[in-house]
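What follows is a short report on a single structure.
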Amino acid sequence: MNDLLAERISALKKQKKAVILAHNYQLPEIQDIADITGDSLELARRAMEVKSEVIVMCGVKFMAEAAHILNPERTVIMPDSSAGCPLADMIDHNDVNRLKEKYPGSPVMCYVNSTAEVKAASDIACTSANAVKIALSLKTDLPIIFVPDQHLGKFVARKTGLNIITGRGFCPAHRNIRAEDIASIKARVPDALVIAHPECTDEVVEIADFVCSTSQMYKTVEDNENTKNFIIGTETGMLYPLKKCFPDRNFISPSEDCVCKNMKKITLESIASALEELISREGERHPGHQEMCKTATPGFAAPEGLEIRLPEDIRLKALGSLKRMMEFA
Ligand code: CIZ
């Protein structure tokens, strides 16, 4: 069944000159058919290099927005546009503006897991892979405003010693990882090293041997060549690419509940249907769509609800934050 769908997607991809980008947290079968996999930083970077007409973003909405912001001449679609990020939606640009009023002159750093409006209201974006480096580069005596993730913000504050005012957001999936579950696995597998994502709670981060982004987890496993067992404190999807890369190691998830339901909304069926819908609508124009599509492929109209496209003023302001971040990529 999956093989048939994969073949169908491959033919549709050729027909539509599409490239498939998939986040590390996607279902295994999606990672297997993707042209590019990685964390949000890698996906954003690779989206900028893409020459294909269509980018199919298999991730959550802020990732598709980032691909569009960085690459407006491509058509960016999401196979399921209801795949949002609860963390990103915990703050809006009004909250950022209120913080700016409260801390005048303070630089605003936003985690890439944020809406385009929040990025547009911020000075610089960051991912968990470069947040520490970016915070240190800000060279300010004022407090740094960090939104929306409180746990990543606190992690950066601890690592840098900087005064960081954090938002109150959190990732509901990472909150399901509990320090006591890690401790009970360690009791059974005492040699296991704990690698945790900085979106985890403070208690988990405290007992972890390493705290890093998903892309940095590969390097951590590689560097610890004599270790067989690793407890991976992040979304369970990450175990699949780690096992693929290091088949001789064991990766243990501390919680079966550390699952991002939004990431799992994208299926092979939804990718095939999205591409089919694009093809069937080719050449059509929806009323009022022409203006929105003026940077898209000529003669091409992406179905409403599938294509991610932002008002140009927001896109340009958010581009500033993302471009400044890319200098640290
Ligand atoms: O930055 C990302 O892609 C996320 C959400 C996690 C990570 O560290 O890779």
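Being in contact with a strand residue (DSSP E or B) (Cβ under 8 Å, 6 or more places away or on another chain) and more than 16 Å from the ligand (Cβ to nearest atom) is the filter here, so list the residues in segment 1-31 that pass it.
Within segment 1-31, the subset in contact with a strand residue (DSSP E or B) (Cβ under 8 Å, 6 or more places away or on another chain) is 9, 12-13, 16-24, 26, 30-31.
Of everything in segment 1-31, those that are in contact with a strand residue (DSSP E or B) (Cβ under 8 Å, 6 or more places away or on another chain) and more than 16 Å from the ligand (Cβ to nearest atom) turn out to be I9, L12, K13, K16, K17, A18, V19, I20.
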Qualifying residues in segment 32-79 (those that are in a strand (DSSP E or B) and within 15 Å of the ligand (Cβ to nearest atom)) - the one surrounded by the most Cβ atoms within 10 Å (Cβ to Cβ)
C58
Within segment 202-211, the count of residues that are more than 16 Å from the ligand (Cβ to nearest atom) and either surrounded by 24 or more Cβ atoms within 10 Å (Cβ to Cβ) or assigned to a loop (DSSP other than H, G, I, E, B) (or both) comes to 1
Mind checking whether some residue in segment 292-302 is touching a helix residue (DSSP H, G or I) at 6+ places or on another chain (Cβ under 8 Å) and at pLDDT 90 or above?
no
What's the total number of residues in segment 1-31 that are free of Cβ contacts under 8 Å to residues at least 24 places away in the same chain and outside any helix (DSSP H, G or I)?
1
Only one of these conditions is not met by C85: (1) more than 20 Å from S128 (Cα to Cα); (2) in contact with a helix residue (DSSP H, G or I) (Cβ under 7 Å, 6 or more places away or on another chain); (3) within 16 Å of the ligand (Cβ to nearest atom). Which number is it?
(1)
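The values are calculated or read from the model by the stated rules, or taken from the named source; none is laboratory data. For clarity, every value in this text was computed on a predicted model and none was experimentally measured. Positions of Cβ are backbone-derived with ideal geometry, glycine not excepted, and every protein chain shown enters the neighbour counts.
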